[in-house]
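Just so it is clear, none of the values below were taken in a lab; they were calculated from the coordinates. Since this is a predicted model, take the numbers as computed values, not measurements. Neighbour counts run over all protein chains shown; Cβ positions are idealised from the backbone, glycine included.
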């Protein structure tokens, strides 16, 4: 029968850690990056994964991981203020403790590719920044396309420019490299690139943007992965509220409609699986 | 050493804490975090005769101290449950309770007879899912339909039958009495409360299915009241559920009349809630000098004039 110590015998792996905030840096008017000290999380996290963070509301909030520093045991989260919970998070100061559940989710697949092109729209640039970090670590050639509404609303531009990859910025206003959305900039980029059979496009951002990117990738016969977003509760695959419509790519179930779990089956899916 | 074992009719549970249906899948995900044998039991996701896709998203709306869900019984269907999930559950070292849901009495009798010879420790009859357009909640809100269903299921299986009741009725005691009369071994209460979340800017409900089931601490007072009321109306044991997040909450339900309890939403907030709450219960009983949890069952004493 359990006494105070025996709970440790039954816990195999508690996916929750308490992590102090190290830095809270504002990026744009509605976006900020939180750096927390969480070395186990830094070691385990893969690009495309997220953490479920306790805020001042009932449910946790899923927040994408944008970078890790494994030497220092730091994890950087990119956040957009959308409601009360993210507003509370934007007010956290160094020393404040956060309860983080993670790393969660099926992330991006980089292995097997010789060239990765990330295509991010708006806050989609956060998790793709982590992809660029890993490309450097694994010596994978990479390029980045970042699309925003306007230059004044752009975020992480300096970070991407320092990320060791060719970067193309696009804005709807036309005040950056390319006028138009990220998929348009991608099309332009692809026309300039020499052929590369082992290339993948990894995209994250508003759904219409990702759909346009997926269509372009399909027409060029380039592998493409997308990162979907759904309202979540548990984040660990047991409650089924984060259902996203996908079609099975498995041989026996070709094309079968599934409600996949965005939190464990995704958030990253093969573009061909997504039902737009 | 505190004795945490409890009885739900003829079924002995090593401790009173069960995982509620729909919040634990079939245990595989949770088994990565802790030894499932630490729990008193696990109730499977609700199983239907055929696989169900469930409702469209959004399926969740946060509320004050709770959440609304409109999952809609997404599940692999009875065949896949028996083939792919039950074997795992049966070897997890804790009691396996199969939760079944249907739209007709035949659905329930078909599934119960299939489970009758299989390694399930009890069958929980979902008579209360608010997110399915026909069937279970309607049966659960009509005492004679509910009684008829349980009588029919009783004929096809000797497994312990737990009737999980909906609170969305005028008199839950009437339903509990009907369940007892029809031969149920225990009643489970409560399932979620029917609720609505409104996005005023778009003039639309937040949930794509419009309404959903409210769970979490917000419903605990309603659940406690119903457990207490039903405790005074029937003799079969009660499994209490609704907003339990801590060891204190567990003891409140036991004092109100529950022989065992389930946690659901708590696990969604904190994966290791199960073992942690069990630890808290043991510590509270130890501090209070109570040797056996079951001696607290139904010990609530109402004030009188």
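Could you work out which residue, out of B:56, B:121, B:185, moves most in a Gaussian network model of chain B, that is, has the largest mean-square fluctuation with Cα springs under 10 Å?
Most flexible of the set in this elastic network: B:56.
Under a GNM of chain A (C-alpha, springs under 10 Å), which listed residue has the highest mean-square fluctuation: A:206, A:194, A:47?
Per the Cα network of chain A with a 10 Å cutoff, A:194 tops the list.
Could you line up B:157, A:118, A:31 from fewest to most neighbouring Cβ atoms inside 10 Å?
Fewest-to-most Cβ neighbours within 10 Å comes out as B:157, A:31, A:118.
Which number do you get for Rg(Cα) / (2.2 N^0.38 Å) in the range B:179-239?
Working it through for the range B:179-239, the quotient is 1.54.
Please give the average number of partner chain Cβ atoms lying within 10 Å of the Cβ of each residue in B:30-39, rounded to a whole number.
4
Using 7 Å Cα-to-Cβ label points, what is the residue A:84/residue A:179 separation (nm, one decimal)?
With each label placed 7 Å out from Cα toward Cβ, I get 4.4 nm.
Other chains near B:276-282: what is the mean number of their Cβ atoms within 10 Å of each residue's Cβ?
What the average comes to for B:276-282 is 4.
Per DSSP H run of n ≥ 4, the term is -39500 (n - 2.57); total these for chain B, divide by its residue number, and report the mean residue ellipticity at 222 nm rounded to 500 deg cm²/dmol.
Dividing the helical sum by the residues of chain B leaves -9000 deg cm²/dmol.
How high is the FRET efficiency from residue A:198 to residue B:196, r the C-beta distance, R0 45 Å, rounded to 0.05?
The formula returns an efficiency of 0.30 here.
Just to confirm the number: angle between the C-alpha axis of helix A:125-138 and the first principal axis of chain A, 0 to 90 degrees, nearest 10?
It is inclined by approximately 90 degrees.
So how far apart, in nm, are the two label points at residue B:117 and residue B:152 if each is 7 Å from Cα heading toward Cβ?
2.3
Mind checking the alpha-carbon convex hull of the range A:146-276 and giving the volume per residue in Å³?
Spelled out: Cα convex hull of the range A:146-276, divided by residues, is 135 Å³.
For the range B:1-149, what mean projected area does the convex hull of the alpha carbons give, in nm²?
The number I arrive at for the range B:1-149 is 10.7 nm².
Using the C-alpha atoms of the protein assembly as shown, what convex hull volume per residue, in cubic angstrom, is computed?
Enclosed volume per residue, from the Cα hull, is 165 Å³.
Taking 2.2 N^0.38 Å as the expected size of a compact globular protein, what ratio does the Cα radius of gyration of the range B:139-266 give against it, to two decimals?
After normalising by residue count via 2.2 N^0.38 Å, the value is 1.14.
Can you list the residues of the range A:164-194 with backbone N under 18 Å from a point 7 Å past the Cα of residue A:114, pointing along Cα to Cβ?
Correct set: A:166, A:190-194.
Using only Cα atoms, find the angle between the long axis of helix A:182-192 and the longest principal axis of chain A, and express it within 0 to 90 degrees, rounded to the nearest 10.
The two axes meet at around 50 degrees.
By counting other Cβ atoms within 10 Å of each Cβ, how are B:302, A:129, A:113 ranked from fewest to most?
So the ranking, lowest neighbour count to highest, is B:302, A:113, A:129.
Apply 1/(1 + (r/R0)^6) to the Cβ-Cβ distance of residue A:161 and residue B:56, taking R0 = 45 Å, and write down the FRET efficiency to the nearest 0.05.
According to the calculation, E is roughly 0.65.
Ranking request for peptides B:208-217, A:234-243: highest mean number of other beta-carbon atoms within 10 Å first, then the rest in descending order.
Ranked by mean Cβ neighbours within 10 Å, highest first: A:234-243, B:208-217.
Kirkwood hydrodynamic radius for chain B: how many Å is it when counted over pairs of different Cα atoms?
Value: 19.1 Å, from the Cα pair sum.
In peptide B:57-68, what is the residue-averaged number of other protein chain Cβ atoms found within 10 Å of each Cβ?
Mean partner shielding for this stretch: 5.
Take every DSSP beta bridge with both residues inside the range A:29-143 and express the antiparallel ones as a percent of the total, to the nearest 5.
Antiparallel: roughly 85 percent of the beta bridges in the range A:29-143.
With Kirkwood's inverse mean 1/r over C-alpha pairs for Rh, give me the Rg to Rh ratio of the range A:136-178, two decimals please.
My calculation of the ratio gives 1.03.
Can you sort A:88, A:276 from fewest to most other Cβ atoms within 10 Å of each residue's own Cβ?
Lowest to highest Cβ neighbour count: A:276, A:88.
What fraction of the Cα pairs in the range A:203-276, stated in percent, has a spacing above 16 angstrom?
Here the tail beyond 16 Å accounts for 49 percent of pairs.
What number results when the radius of gyration of chain A, computed over Cα atoms, is divided by 2.2 N^0.38 Å?
Relative to the rule-of-thumb radius for its length, chain A sits at 1.02.
Grab the DSSP H runs of chain A that are 4 residues or longer, score each as -39,500 (n - 2.57), total them, divide by all residues and round the 222 nm result to the nearest 500 deg cm²/dmol.
One gets -6000 deg cm²/dmol as the mean residue ellipticity at 222 nm.
At residue A:220 and residue A:30, where each label point lies 7 Å from the Cα along Cα→Cβ, what is the point-to-point distance in nanometres?
According to this spin-label approximation, the distance is 2.9 nm.
Taking a spot 7 Å from the Cα of residue B:88 along the direction of its beta carbon, which residues of the range B:42-71 have an amide N less than 13 Å from it?
Within reach of a label on residue B:88, which here means backbone N under 13 Å from a point 7 Å along Cα→Cβ, the range B:42-71 contributes B:44-45.
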